[in-house]
Structures are given as structure tokens and as C-alpha cells.
1. Between beta-carbons, use under 11 Å as the cut-off and find the net charge around ILE413, counting Lys and Arg +1, Asp and Glu -1.
2. State the antiparallel share, in %, of DSSP beta bridges confined to the range 2-200, rounding to the nearest 5.
3. Cα to Cα, under 19 Å, and not fewer than 8 places away if on the same chain: which aspartates and glutamates meet these conditions relative to LYS560?
4. What number comes out for the charge environment of VAL455, summing +1 per Lys or Arg and -1 per Asp or Glu over other residues with Cβ under 15 Å away?
5. May I ask you to give the average projected area over all directions of the convex hull of the Cα atoms of the range 616-717, in nm² rounded to one decimal?
6. Expressed as an acute angle from 0 to 90° and rounded to the nearest 10, what is the orientation of the C-alpha long axis of helix 208-219 relative to the principal long axis of the chain?
7. If you take every residue apart from PRO530 with its C-beta less than 11 Å away from the C-beta of PRO530, what net charge results, scoring Lys and Arg +1 and Asp and Glu -1?
8. For the range 398-499, what is the largest minus smallest coordinate of the Cα atoms on each principal axis, given in angstrom and ordered from greatest to least?
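Since every read-out is calculated from the coordinates, none of them should be taken as a lab result. This structure is a prediction, so every number in the text was calculated from the model and none was measured. FYI the Cβ positions are ideal-geometry reconstructions off the backbone, even for glycines, and counts take in every protein chain you see.
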Amino acid sequence: MFKKILRWLLTILYRVEIKGLDNYKKAGNRVLIIANHTSFLDPVLLWLFLPDDITFAINTQVSQRWWLKPFLGLSHIFPMEPTHPISLKNLFHHLQNDIRTVIFPEGRITVTGSLMKIYDGTGMVADRAEAAILPIRIDGAQYTHFSRLQNIVRLRLFPKITIQILPSTRISAPSELKGRNRRKYSGQMLANIMDEMMFATSHYRQTIFARLLQARSIHGGKHTVAADLEQSPLAYDPLITRTIAIGNALKKITKPGENVGVFLPNSTKTLYVVLGLQLYGRVPAMLNYSTGSAGMVSACQLAQVKTVLTSRRFIELGKLGEGADELSKEVNLVYLEDLAKKISPLAKIKALLQSKTTGYWYNPNQYSPDSPAVVLFTSGSEGTPKGVVLSHANILANHKQIGARTSFTPQDIVLNFLPMFHSFGFTVGTLLPVLRGMTAFFYPTPLHYSVIPEVAYEINATIMFGTNTFLAAYGKKAHAYDFYKMRYVVAGAEKLQESTRALWADKFGIRIMEGYGATETAPVTSVNTPMYFKAGTVGRIMPHMDYRVEPVPGIDDAGKLHVSGPNIMLGYLLPDTPGKLVPPESLYGKGWYDTGDIVHVDDEGFISIRGRSKRFAKVSGEMVSLTAVEGYAVKAWPNAHHAAISLPDAKKGEMVILVTTQKQATLSDLAAASKGVAYISLPKKVLIVDSIPLMATGKINYPAVTELAAAQLSSLTRPA
């Protein structure tokens, strides 16, 4: 009777909802129930809401707490120490009695809000006992006053609590593994199960604006989430109000489903524009202004963009007038300054009222989670940009994948200097902190090498995402104390050089987490984390992603990486069929993305990048098409032969070399013939040769060209 009354009381107070009871019934009799540990309420919740009279394997110290003893006395308790061999052996024998036992593999209540360390012993017990593993996610109890997250998250008296039971699984270690190796393998498999559980039970199938409203509900309307150089810190309430105001204005000049160009810098105003477009089903197409006017015009044609949003002040400060003039010949340029004048005081009051009453008028199901959320552009092998269309679910799934492995808190401050037209800057640097309750501080350019470390110091930044090129430059310019608050520094977009890793470790005591991804994967495919780290790799693949390594002739221990998962793009916009979405597909089927990268995956799942099969170079984190470089050369010197290759560059990752038969060819002549092309898209050096090496088929022999260029550069730099 006491159990029934207590269950009724908690159901009323916390609106406890239990999902997946069928999975509990199907698990069998010899079951090890594993659950994340959010609060001191967890054992009580499982005791009350799980069927049967189950046993709890609980940390000895926790079981001694006075206020838990009355509840624990009503159930079967198995006190244990997760690191003690005798305790693990006793648990193994206990499970052999075909009994259902609950254990918290973390061994302690979370103090971050995310998973803590998973002890190998629990996995070993499940393996040896041949027990089914039943994962259970407890969500919501971390916001109660029974958690250990005081001063980390906003605690509430009675938050909603959900208990979700997933299908059971098993750990079956290979028979050849013995002793410590078998224990390590079992622990790794258990950690993978927990990671997958955290992702599988997360709510990512919603729109970005719906997620924004949910974030406000969790963290409070007055919680700061954004700031830039011009404005005071911005909380959820004013962010949502301004988003609605600009969304209402943009709705009048655009159509549902329309791709709308965004030609703006990193700032809170750009955040309003992006969210305002998404609010009413418009799709922001983030224009890469570093490609010059020609690149932006090409991108607009590709995505059939008719309207582009920009700012006079931005164009003036960025000295982009010429590019804006060229763009205005093709599309309708709408300036934010003019748009702001049309938002009347009455319209602002309306937006304020709407922001306070979203629960009444906003329909979260009006737009599908699978509808386009953004168009980002990446260079194609033909030299023209490709549009990558990401859905709301793609982006939010990637956030949940990252969150399943990494702890973020509302106290974190993300310094985002990566431009929003870059997938890393858009999805991870901008939307991830805003939707997770962190604060995103927007800085307009990554090129201010002396200023950015000072900004990090001033704002007490705790997280920073960058490329090797930028991190190396900041490391050299920064004072040793500038990054004193930094918890995570994550490198992506190009290979992290060992010199950069060593510089940050020695000067700042910071371990850089290298990751890997692509715009097509929204963008994180893998990343090192404090819990799962291996130097020289790009980390382990994200939860709920599948991968295949396609064999490549001539390479024994690596192959071409193909990936699939909920974060894989909706599709491409290609030059041959502007405006038409081409879904991803590889030799492994529809929905698979061929990365074109040659990788090695070790026994623990860590990925090492060996090279790229696609004809691109990464210069300062930006993709440069070698085919496009050859096209520029053909335009400049149509009667000569040309080949573009890339070589390693200690400063910028890679450098593009143009090998040509044009006599007296110079880089300045090539630039003069390539109007509207950004400097970064041109080669760093031009080498003149008598002939371009060819294969028997008449095609260019690129490996031979690379050797030729390397040899010629070596002879030029060799001391006389």
C-alpha cells in the first residue's frame, strides 16, 4: 500500500511517464538493468515504476545515506564497490540466479548533467554472466533538488520525469580475448550502449525554433545565450521576441520554402535573421563572401536565390561594396537597416506578445523536422559550388550526438569566430550553444590573431572551435594566461599539426580535441573527447552513425569512408540541376554519404585520416577545388596545358600549386584574369614546366605532377 501511495504521489508531483515497458517484459529473466544516474531519486523511481521485485546493486556509500534507508529497506539491496574485484565476483554469482538487477554503471550521480565515467567492471559482469542488458534512461530528475547540479542548471521543484526503457542487448566479447583485454572490451561495449541510449532517447525530431522554445523552458527566459561586440548579453526572452519580429517582417517579402540568401557577418543580428527565416519555413542560404562576387552569384543561381539579406554597415566595414554591386545585378538585395525601419512600434509589441504566448499560437508540427533548415555551400570538383541542404533533424541530431559524449553546461561560454557560412561555425559554433543553454559570443573574423586571445580572456570563454591554422596563430600571439578558463578547444576542418598540439599543451596546458566531419554530416562525424581520446586520431564516430570502409587498391590498412545516420544531409543542389535536391547515395545504398576520405579505424573505433581521394585542398580550413584552379588557368592561358595539385604547408595545412606549360606565367597575371575570384581560391605558386606528365590514356598523371612539383620546389629552396 505504501508503494502504491508513493507511486501515485510522485506521478502527480513529477508527472512521471514510463515508456517501453514491453522491452522490459521481453528482456528475459537474467537481466542486468543499467541506468544513467541523475539524482538521489533514481533508485526510488525505478523501485516504484518498474514491475516485479527487483534487486538494486548500489554503491555502499550511497546506500548508507539516512534518508534513503527507509526506501532501500523495502527492496532487495546488493551493496557493492564498482572497482572492487570481490564485489564484481559476487554480483556475477548473483546474476546466475536468473534475477533482474539494477546497477548504475557510472557509480556516482552526475555532476555535469551528462554521462560520467563508465566502469569496465559492469560490462565484464554482464559478459561473464551471459546476462541481457536492459538500458533505461532517466530524464528530468537532474533538474530536481535531489540532483548534484546546484548552481549548474536551473533547478525546479517538480520537473517532469521520464523513464524510457530501450530494447535489451548483450555483450559478447570475442572468445580469444582474455583477462584485462576482455574486461576493457566489455567496458567499451557497455559505454557504447550507454552513449547510444542517451542519443536514442533524445528528442531531436523537431524544428530548430521548437527546440529554442524548449531551451527557454529548461533554462529560463532570462538566461543569457548570446553576445557580440556591439550588444549587451542577450537572454532567451529578447532573442525570441526579436526573432519573431524580424520573422514577421521577412514573411511579407518571401515565400514558404524559399531559399533566402544571407550575406552577413557573425553577430546576434545574423542569429535573428536565421531563426526568423526558419520560424516561418523559409530556408537561409548562407553565402560565403570570402569566395568573392563570382562565388556568391554562382551560389545564388545554384539555390535559385532571388532575395539576399545584407547590411550596409557590414558591407562598408568589410569593404565588400564591389561584391555587393555585382550581386545586386542578379538578386534583390534587402538591407537590414531598411527592414528595421519597417518594423513599427505596434509590430514590436505584437512580437513581444507572441513571444509570451508561443504555447497558444505556435504549432511545432507546422513544419516537418525533415524540411530544409539551411543551405550551406561547398566547392565542387567542377569548380562551381555545391549546395548542401541540411534539415532541422539533421542539425539537432548532430547536437544530440555530440552531447551524448561531451558535457556542456549553461555556464559555458563559446567563443565563435568561425563564419556562419561554414558548417562548423553555423551548426556547432552558433546553434549548438544557443540551443543547449550555453552563451555564444560572436566575433566577426578569425583573422585577428592578437585580438581573439584577448577576447577569450575578457569574456572568460570556456569552449572554442577552430582550425589548425587559426589555433596555431592564436597560440603564438596569446599570453600564457589568456585561455585560463578554457575547458574544450576543438580542432576540425583540417589536420591538426603536431606542432600546434604541442604549443597549446606546453604554453596553456590545454589538450586540443581533434575532430572530423563534413558539411554533408552536419558537420561532426567523429571527435575526441576528454573521456574518449587518442592523440593522432580524429576520435570515435558519433553515436547512432554507421560506417563502412571501402577497400582501395594499393592500400592495405585503410580505405574510403562511407557513413550513414540521422545527421546525413537531405541532399545536394548541383550545378547541372539548379534548385533540384539530389539525395545522398553511395555504393552501400541510399542515405549513405561517400566522404572520399581514406581512413584507418582501429580496434577501439578511433579514426585516423590517411588522405583524401577527392581533388580538393584545404587551405586555412577552406576547401579549394583543384579543378577550378585549372579552369582559371585555362581562361588565362587557353593555349597551354595546366595541372593543379596540393602539397603540405606548415602554416595553412595545404598549399595549391599550379603546374603549367605557359612561358613566363605569373600569379599576378592569373589573378588579373580571374575577376571576382577570392585570393584563397588561387594557387600559392606557379611552376613552369616543358610538359605535363600524362598517362597512357591521355589523362593527367597527377601523382607524377605532384612529384615533379615537389622536386622543383625543393631545388628552388635548396641552399646554393
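1. 0
2. Within the range 2-200, antiparallel bridges account for around 25 percent of the total.
3. GLU494, GLU520, ASP546, GLU550, GLU585, ASP594, ASP597, ASP602, ASP603, GLU604
4. -3
5. 6.5
6. 50
7. Every neighbour counted, the sum reads +4.
8. Between the extreme Cα coordinates on each principal axis of the range 398-499 lie 34, 27, 25 Å.
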